[in-house]
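Read through the structure below, which is laid out as C-alpha coordinates, and then see the notes.
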(Lines give C-alpha, C1' and ligand atoms only; values in the text may rest on other atoms or scores of the structure.)
Protein backbone atom coordinates (compact mmCIF):
# COMPACT_ATOMS: atom_id res chain seq x y z
CA UNK A 1 0.00 0.00 0.00
CA UNK A 2 1.31 3.44 -0.93
CA UNK A 3 2.17 5.90 1.83
CA UNK A 4 0.45 9.15 2.54
CA UNK A 5 1.73 12.02 0.43
CA UNK A 6 1.03 15.39 -1.12
CA UNK A 7 -0.55 15.04 -4.56
CA UNK A 8 -0.90 18.36 -6.35
CA UNK A 9 -1.46 22.10 -6.09
CA UNK A 10 -4.36 23.91 -7.75
CA UNK A 11 -3.72 27.07 -9.76
CA UNK A 12 -6.34 29.41 -11.21
CA UNK A 13 -5.28 30.59 -14.65
CA UNK A 14 -6.61 33.45 -16.76
CA UNK A 15 -4.69 32.75 -19.97
CA UNK A 16 -4.81 29.06 -20.76
CA UNK A 17 -2.72 29.21 -23.94
CA UNK A 18 0.24 31.03 -22.32
CA UNK A 19 -0.09 28.80 -19.27
CA UNK A 20 0.11 25.68 -21.44
CA UNK A 21 3.23 27.07 -23.11
CA UNK A 22 4.88 27.64 -19.73
CA UNK A 23 4.21 24.20 -18.29
CA UNK A 24 4.85 22.26 -21.49
CA UNK A 25 7.56 24.18 -23.30
CA UNK A 26 9.41 25.92 -20.47
CA UNK A 27 9.14 23.47 -17.57
CA UNK A 28 8.86 20.40 -19.79
CA UNK A 29 5.82 18.91 -18.06
CA UNK A 30 3.32 16.57 -19.72
CA UNK A 31 -0.45 16.86 -20.00
CA UNK A 32 -1.80 14.06 -17.83
CA UNK A 33 -5.53 14.76 -18.20
CA UNK A 34 -7.86 17.42 -19.53
CA UNK A 35 -11.56 17.86 -18.80
CA UNK A 36 -14.16 20.39 -19.92
CA UNK A 37 -17.18 21.32 -17.78
CA UNK A 38 -20.43 23.10 -18.57
CA UNK A 39 -22.24 24.68 -15.63
CA UNK A 40 -24.66 27.47 -15.00
CA UNK A 41 -27.24 29.12 -17.23
CA UNK A 42 -26.05 30.22 -20.66
CA UNK A 43 -28.72 32.94 -20.94
CA UNK A 44 -26.78 35.34 -18.72
CA UNK A 45 -24.49 38.31 -19.14
CA UNK A 46 -21.49 36.21 -20.16
CA UNK A 47 -23.45 34.32 -22.79
CA UNK A 48 -22.10 30.85 -23.55
CA UNK A 49 -19.16 31.35 -21.17
CA UNK A 50 -21.00 31.76 -17.88
CA UNK A 51 -20.03 28.80 -15.73
CA UNK A 52 -17.92 27.10 -18.42
CA UNK A 53 -14.54 25.92 -17.14
CA UNK A 54 -11.81 23.34 -17.62
CA UNK A 55 -9.34 21.38 -15.54
CA UNK A 56 -5.92 20.29 -16.78
CA UNK A 57 -3.49 18.12 -14.84
CA UNK A 58 0.20 18.61 -15.71
CA UNK A 59 3.35 17.04 -14.32
CA UNK A 60 6.67 15.37 -15.05
CA UNK A 61 5.05 11.97 -14.76
CA UNK A 62 2.01 10.07 -13.45
CA UNK A 63 0.49 11.20 -10.17
CA UNK A 64 1.36 7.87 -8.59
CA UNK A 65 4.96 9.02 -8.35
CA UNK A 66 4.98 12.77 -9.03
CA UNK A 67 3.67 15.95 -7.47
CA UNK A 68 1.66 17.68 -10.21
CA UNK A 69 -0.31 20.86 -10.89
CA UNK A 70 -4.02 21.27 -11.52
CA UNK A 71 -4.78 24.21 -13.80
CA UNK A 72 -8.31 25.56 -13.43
CA UNK A 73 -9.48 27.83 -16.24
CA UNK A 74 -12.77 29.74 -16.17
CA UNK A 75 -13.79 30.95 -19.62
CA UNK A 76 -15.30 34.17 -18.30
CA UNK A 77 -12.39 35.22 -16.06
CA UNK A 78 -9.30 36.86 -17.52
CA UNK A 79 -7.15 37.40 -14.46
CA UNK A 80 -6.84 36.75 -10.74
CA UNK A 81 -5.27 38.79 -7.96
CA UNK A 82 -2.27 37.25 -6.24
CA UNK A 83 -1.95 37.41 -2.49
CA UNK A 84 0.94 36.51 -0.22
CA UNK A 85 -0.24 32.96 0.47
CA UNK A 86 1.54 31.07 -2.33
CA UNK A 87 5.28 31.83 -2.37
CA UNK A 88 6.54 29.43 -5.01
CA UNK A 89 7.30 25.94 -6.23
CA UNK A 90 10.91 24.75 -6.46
CA UNK A 91 11.95 22.13 -9.00
CA UNK A 92 15.28 20.81 -10.25
CA UNK A 93 15.81 20.98 -14.00
CA UNK A 94 18.64 22.52 -16.02
CA UNK A 95 16.51 21.77 -19.05
CA UNK A 96 13.80 24.11 -17.76
CA UNK A 97 16.38 26.88 -17.23
CA UNK A 98 17.71 26.38 -20.76
CA UNK A 99 14.17 26.26 -22.19
CA UNK A 100 13.32 29.58 -20.56
CA UNK A 101 16.44 31.26 -21.93
CA UNK A 102 15.96 29.77 -25.39
CA UNK A 103 12.31 30.81 -25.60
CA UNK A 104 12.90 34.26 -24.16
CA UNK A 105 10.80 33.51 -21.10
CA UNK A 106 11.88 35.93 -18.31
CA UNK A 107 14.15 34.14 -15.84
CA UNK A 108 16.45 35.68 -13.21
CA UNK A 109 19.39 34.17 -11.38
CA UNK A 110 18.83 34.63 -7.64
CA UNK A 111 21.50 32.37 -6.16
CA UNK A 112 24.06 29.73 -6.91
CA UNK A 113 22.49 27.43 -9.54
CA UNK A 114 19.07 28.92 -8.69
CA UNK A 115 16.76 30.87 -10.98
CA UNK A 116 13.29 32.31 -10.54
CA UNK A 117 10.63 32.68 -13.20
CA UNK A 118 6.89 33.16 -13.24
CA UNK A 119 4.01 31.23 -14.69
CA UNK A 120 1.32 33.38 -16.37
CA UNK A 121 -0.60 35.10 -13.62
CA UNK A 122 2.55 35.80 -11.61
CA UNK A 123 2.98 32.47 -9.82
CA UNK A 124 6.70 32.15 -8.89
CA UNK A 125 8.71 29.05 -9.80
CA UNK A 126 12.26 28.46 -8.58
CA UNK A 127 14.45 26.43 -10.91
CA UNK A 128 17.50 24.61 -9.59
CA UNK A 129 20.01 24.56 -12.44
CA UNK A 130 21.05 20.94 -12.09
CA UNK A 131 20.36 17.83 -14.11
CA UNK A 132 16.73 16.76 -13.84
CA UNK A 133 16.51 13.65 -11.62
CA UNK A 134 14.87 10.44 -12.78
CA UNK A 135 12.58 10.74 -9.77
CA UNK A 136 10.17 13.64 -9.28
CA UNK A 137 11.94 16.98 -10.02
CA UNK A 138 9.45 18.95 -7.90
CA UNK A 139 11.15 19.57 -4.56
CA UNK A 140 8.83 21.76 -2.52
CA UNK A 141 5.84 24.09 -2.36
CA UNK A 142 6.23 27.22 -0.22
CA UNK A 143 3.26 28.81 1.57
CA UNK A 144 3.14 31.98 3.65
CA UNK A 145 1.92 31.76 7.24
CA UNK A 146 1.29 34.34 9.95
CA UNK A 147 2.51 32.27 12.92
CA UNK A 148 5.22 29.73 12.12
CA UNK A 149 5.05 27.85 15.41
CA UNK A 150 1.29 27.50 15.36
CA UNK A 151 1.23 26.51 11.69
CA UNK A 152 3.96 23.92 12.19
CA UNK A 153 1.91 22.41 15.01
CA UNK A 154 -1.15 22.29 12.75
CA UNK A 155 0.54 20.57 9.82
CA UNK A 156 2.42 18.07 12.00
CA UNK A 157 -0.11 17.23 14.70
CA UNK A 158 -3.28 17.26 12.64
CA UNK A 159 -2.00 16.32 9.18
CA UNK A 160 0.82 13.99 10.20
CA UNK A 161 3.73 15.70 8.44
CA UNK A 162 7.25 15.50 9.82
CA UNK A 163 9.62 18.42 10.38
CA UNK A 164 12.54 17.90 8.00
CA UNK A 165 14.37 21.16 8.41
CA UNK A 166 14.30 24.64 9.95
CA UNK A 167 15.90 27.93 8.98
CA UNK A 168 15.72 30.48 11.76
CA UNK A 169 17.21 33.25 9.62
CA UNK A 170 14.65 32.84 6.83
CA UNK A 171 11.88 31.96 9.28
CA UNK A 172 10.99 28.76 7.45
CA UNK A 173 10.15 25.18 8.37
CA UNK A 174 10.35 22.31 5.88
CA UNK A 175 7.74 19.56 6.28
CA UNK A 176 7.00 16.32 4.49
CA UNK A 177 5.56 12.83 4.68
CA UNK A 178 8.75 11.19 3.36
CA UNK A 179 12.22 12.21 2.15
CA UNK A 180 11.53 11.07 -1.41
CA UNK A 181 8.38 13.17 -1.83
CA UNK A 182 7.61 16.80 -2.58
CA UNK A 183 7.95 18.84 0.63
CA UNK A 184 5.93 21.71 2.07
CA UNK A 185 7.83 24.79 3.20
CA UNK A 186 6.10 27.23 5.58
CA UNK A 187 7.47 30.77 5.70
CA UNK A 188 6.55 33.29 8.37
CA UNK A 189 5.61 36.47 6.48
CA UNK A 190 5.35 38.58 9.63
CA UNK A 191 1.72 39.51 9.18
CA UNK A 192 -1.69 38.40 8.02
CA UNK A 193 -2.03 36.01 5.09
CA UNK A 194 -4.00 37.57 2.23
CA UNK A 195 -5.29 35.04 -0.28
CA UNK A 196 -6.93 37.47 -2.71
CA UNK A 197 -8.66 35.66 -5.59
CA UNK A 198 -5.84 33.50 -6.94
CA UNK A 199 -5.60 31.32 -3.84
CA UNK A 200 -5.02 27.66 -4.59
CA UNK A 201 -5.49 24.39 -2.80
CA UNK A 202 -3.08 21.62 -1.89
CA UNK A 203 -4.24 18.01 -2.19
CA UNK A 204 -3.05 15.14 -0.02
CA UNK A 205 -3.77 11.43 -0.12
CA UNK A 206 -4.66 9.61 3.06
CA UNK A 207 -4.34 5.86 2.54
CA UNK A 208 -6.75 3.42 4.17
CA UNK A 209 -5.95 0.02 5.63
CA UNK A 210 -7.75 -3.23 4.84
CA UNK A 211 -10.48 -2.32 7.35
CA UNK A 212 -11.17 1.02 5.71
CA UNK A 213 -9.52 2.96 8.53
CA UNK A 214 -7.30 5.94 7.95
CA UNK A 215 -3.58 5.92 8.68
CA UNK A 216 -4.08 9.47 9.94
CA UNK A 217 -4.47 9.40 13.73
CA UNK A 218 -7.25 11.97 13.46
CA UNK A 219 -9.10 9.80 10.91
CA UNK A 220 -9.50 12.42 8.22
CA UNK A 221 -10.74 10.40 5.27
CA UNK A 222 -11.95 12.80 2.61
CA UNK A 223 -12.98 16.41 2.48
CA UNK A 224 -11.60 19.93 2.41
CA UNK A 225 -10.10 21.63 5.44
CA UNK A 226 -8.44 24.96 6.13
CA UNK A 227 -5.38 25.82 8.17
CA UNK A 228 -5.40 28.73 10.59
CA UNK A 229 -4.33 31.01 7.74
CA UNK A 230 -7.01 29.75 5.39
CA UNK A 231 -4.84 27.48 3.25
CA UNK A 232 -7.17 24.87 1.82
CA UNK A 233 -6.17 21.22 2.08
CA UNK A 234 -8.23 18.53 0.38
CA UNK A 235 -7.88 14.91 1.44
CA UNK A 236 -8.77 11.98 -0.76
CA UNK A 237 -8.63 8.28 0.06
CA UNK A 238 -6.35 5.92 -1.80
CA UNK A 239 -9.12 4.19 -3.76
CA UNK A 240 -10.73 7.43 -4.89
CA UNK A 241 -7.35 8.79 -5.90
CA UNK A 242 -6.56 5.74 -8.04
CA UNK A 243 -9.83 6.16 -9.90
CA UNK A 244 -9.36 9.88 -10.52
CA UNK A 245 -5.65 10.01 -11.35
CA UNK A 246 -5.37 7.72 -14.36
CA UNK A 247 -3.29 9.29 -17.13
CA UNK A 248 -5.34 9.95 -20.24
CA UNK A 249 -3.25 9.38 -23.39
CA UNK A 250 -5.60 11.77 -25.20
CA UNK A 251 -5.02 14.56 -22.68
CA UNK A 252 -2.62 16.51 -24.88
CA UNK A 253 -4.97 16.43 -27.86
CA UNK A 254 -8.00 17.30 -25.72
CA UNK A 255 -6.27 20.40 -24.36
CA UNK A 256 -5.12 21.53 -27.80
CA UNK A 257 -8.62 20.99 -29.19
CA UNK A 258 -10.23 22.94 -26.36
CA UNK A 259 -7.82 25.87 -26.81
CA UNK A 260 -8.40 25.92 -30.57
CA UNK A 261 -12.17 25.99 -30.04
CA UNK A 262 -12.05 28.59 -27.29
CA UNK A 263 -13.58 31.74 -28.80
CA UNK A 264 -14.26 33.45 -25.49
CA UNK A 265 -11.85 36.35 -26.15
CA UNK A 266 -13.53 37.02 -29.49
CA UNK A 267 -17.00 36.81 -27.92
CA UNK A 268 -16.16 39.36 -25.23
CA UNK A 269 -14.52 41.67 -27.77
CA UNK A 270 -17.54 41.44 -30.08
CA UNK A 271 -19.80 42.47 -27.21
CA UNK A 272 -17.44 45.31 -26.23
CA UNK A 273 -16.72 43.72 -22.88
CA UNK A 274 -13.72 42.48 -20.98
CA UNK A 275 -13.42 39.22 -19.15
CA UNK A 276 -13.93 39.53 -15.44
CA UNK A 277 -11.00 40.19 -13.15
CA UNK A 278 -11.78 37.95 -10.21
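The values are calculated or read from the model by the stated rules, or taken from the named source; none is laboratory data. Predicted, not measured: the structure shown is a model, and the values here were computed from it. When we count neighbours, we look across all protein chains shown, and the Cβ atoms used for this are built from the backbone with ideal geometry, even at glycine.
For the range 108-132, the candidate set comprises residues that are touching a helix residue (DSSP H, G or I) at 6+ places or on another chain (Cβ under 6 Å), assigned to a strand (DSSP E or B) and touching a residue at least 24 places away in the same chain (Cβ under 8 Å); within that set, the residue that is surrounded by the most Cβ atoms within 10 Å (Cβ to Cβ) is 127.
Pairing each residue of the range 22-49 that is closer than 21 Å to residue 129 by Cβ with any residue that is modelled with pLDDT of 80 or more and surrounded by fewer than 15 Cβ atoms within 10 Å (Cβ to Cβ), provided the two are 6+ apart or on different chains, yields C-beta distances under 9 Å for 25/103; 26/103.
Conditions (1) closer than 19 Å to residue 65 by Cα; (2) at pLDDT 80 or above, marked per residue:
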site: 196; (1), (2): no, yes
site: 208; (1), (2): yes, no
site: 214; (1), (2): no, no
site: 218; (1), (2): no, no
site: 253; (1), (2): no, yes
site: 260; (1), (2): no, yes
site: 263; (1), (2): no, yes
site: 275; (1), (2): no, yes
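Residues in the range 186-202 that are free of Cβ contacts under 8 Å to residues at least 60 places away in the same chain and not in a loop (DSSP other than H, G, I, E, B): 186, 188. Pairing residues of the range 249-278 that are more than 16 Å from residue 74 (Cα to Cα) with residues that are at pLDDT 95 or above, at Cβ distances under 7 Å and at least 6 apart in sequence or on separate chains, gives 251/31; 251/32; 251/33; 251/34; 252/31; 254/34. If the condition is being modelled with pLDDT of 85 or more and in contact with a helix residue (DSSP H, G or I) (Cβ under 9 Å, 6 or more places away or on another chain), then the range 234-251 contributes only 248.
For the range 134-176, the set of residues classified as assigned to a loop (DSSP other than H, G, I, E, B) and surrounded by 13 or more Cβ atoms within 10 Å (Cβ to Cβ) consists of 135, 136, 137, 146, 147, 159, 160, 161, 171, listed by residue number. For the range 245-271, the tally of residues that are part of a helix (DSSP H, G or I) and exposed (fewer than 13 other Cβ atoms within 10 Å of the Cβ) stands at 6.
Would you please name the residue that is farthest from the chain's Cα centre (by Cα), looking only at residues in the range 179-196 that are over 13 Å from residue 87 (Cα atoms) and surrounded by 14 or more Cβ atoms within 10 Å (Cβ to Cβ)?
Just the residues of the range 179-196 that are over 13 Å from residue 87 (Cα atoms), to begin with: 179-183, 190-192, 196.
From what's left, surrounded by 14 or more Cβ atoms within 10 Å (Cβ to Cβ): 181-183.
Numbers: 181: 15, 182: 12, 183: 13 Å.
The residue in question is 181.
A single member of 86, 60, 37, 125 is modelled with pLDDT under 95 and in contact with a strand residue (DSSP E or B) (Cβ under 8 Å, 6 or more places away or on another chain), and it is 37. Scanning the range 71-89 for residues that are in contact (Cβ under 8 Å) with a residue 60 or more places away in the chain and part of a strand (DSSP E or B) turns up 71, 72, 73, 74, 77, 78, 79, 86, 87, 89.
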